[in-house]
Structures are given as structure tokens and as C-alpha cells.
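Contents: one structure, followed by commentary.
What follows draws every value from the coordinates through simple rules; no lab data is involved. Only a predicted model underlies this, so the values are computations on that prediction, with no experimental measurement involved. Every residue, glycine among them, receives a Cβ derived from its backbone with ideal geometry; neighbour counts consider all protein chains shown.
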Amino acid sequence: MTHSVVVRPYVDADERGWLECRVLAFLDSAYYDAVEREKEHYNRPSVELVADLGGTIVGLIDVELEEEPGTVCEDRPGLGGMIWHLAVLRDFRRQGIASRLLAAAEEAVRERSIERFEAWTRDDAWVQRWYESHGFVKIRSYLHVYVHGKSETTGVVSAELDLKPQLVFAHYTGDRPDEIRARFERVHDCVCYERRFA
């Protein structure tokens, strides 16, 4: 079936299919509630590709490209490209579509002096294994923390207005991650991966 899948540039008419693919592909991941209503657009150069099966978007990749080091990616040597979105519908996984999207994105940046790709992901072991199997290595991490309900927000979140926060999303970069994991029900490792081109 993958021979029928065409990897091609994203066009504006793909937006609805792109959004549906991203939402459905993320449902069984730690990003299950990261829903977008419009496709992201980039101020810098980008590579935006889709995997198209007869008019249905079954996979996608968006990579925003640096023109100066440290402006999109971590401040590390060489120009980078940030993979903001990479997704394949569940029924089309394990057919090499994500690998084809990644390879096509790398090919598209060869003439742009990009030396590396970065990608942030959460603690889904299967996603991390995929990145590692494609030559990505972990370079940094911190925690995504969801503070939910009165029992978790009390003493942690306050408001100057007459607001009673029920759900707060926060980044934790401190040195007591075990304490944060024990205190809050939903905590994710957010890991930055990097792949340097040969």
C-alpha cells in the first residue's frame, strides 16, 4: 500500500486533511489533547510535506528552518531545522511513511546549509524508539506538568482576579523532578532530540 502513498509539498487546500491527520495520529500519544483548529504557519523558511493516499492525508511533517543558529532550535553549533509536526495515521504506521517523510524533508534542506534536525517529544517509548532508530540522540529534557483541580492547584496557583484555576499547564525545569512527579497526576518528560547530518 505504501507504494500508492505520494510524499509531496503541503498546499493550502490540504489544511482540513492535515488537521484531521494530526488530531487522529496524536490520539494514542501523550499529546492526545494537543488539538489545533488551524495549521501553523511559519515566519521563517520551512519544509511542509504530506503523505497523500488518493487525496487523503495519512502522514505529515513540518520543519521550520533557521537562518541564524539558535533562533528556532537549541543554541548549538550549525543551522538547524525544528520538526514541529510529524504524524502518521495509526492504520498506516509501520509502513515506512514517517521514514519517507523524514528523508524527503532532509533532501529538501540539502541546499540550505542546514546541518541538523531537532524534534521535541514526550515520554511515549514507541515515539522515542522511532527517533533513536533514525539517528536522533537526546540532548535535553524538562517536564510538562498539568495541574488539575482544587486538590492540585491549592497552594500552587493563585489569581489576583476572582478566578479559580481548574487546569494549568506548566514547564518544570528545576532539580526536583521526582517530587513533581509524586505531587501531580499528569506529568510528562519533554525530550529534545537532535540528528546531525553526515
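Dividing the alpha-carbon Rg of region 142-187 by 2.2 N^0.38 Å yields what?
Normalised Rg, Cα atoms only: 1.15.
Please work out whether region 1-159 counts as rounded, prolate or oblate from its C-alpha gyration tensor, where a ≥ b ≥ c are the square roots of the eigenvalues and a/c under 1.5 means rounded, while otherwise a/b larger than b/c means prolate and anything else oblate? Taking the square roots of the gyration eigenvalues as a ≥ b ≥ c, region 1-159 is oblate. Using the average count of surrounding beta-carbon atoms within 10 Å as a protection proxy, the listed peptides 110-118, 126-134 rank, highest first, as 110-118, 126-134.
Counted by Cβ distance under 14 Å from residue 113, the other residues give a net charge of -1, where Lys and Arg count +1 and Asp and Glu count -1. Computed over the chain, the per-residue total of -39500 (n - 2.57) for DSSP H runs of n ≥ 4 gives a 222 nm mean residue ellipticity of -6500 deg cm²/dmol, rounded to 500. For region 60-115 and region 141-185, write down the distance between their C-alpha centroids in whole Å. Going from one Cα centre to the other spans 32 Å. Positive contributions from Lys and Arg (+1) and negative ones from Asp and Glu (-1), summed over other residues with Cβ under 13 Å from the Cβ of residue 189, come out at +2.
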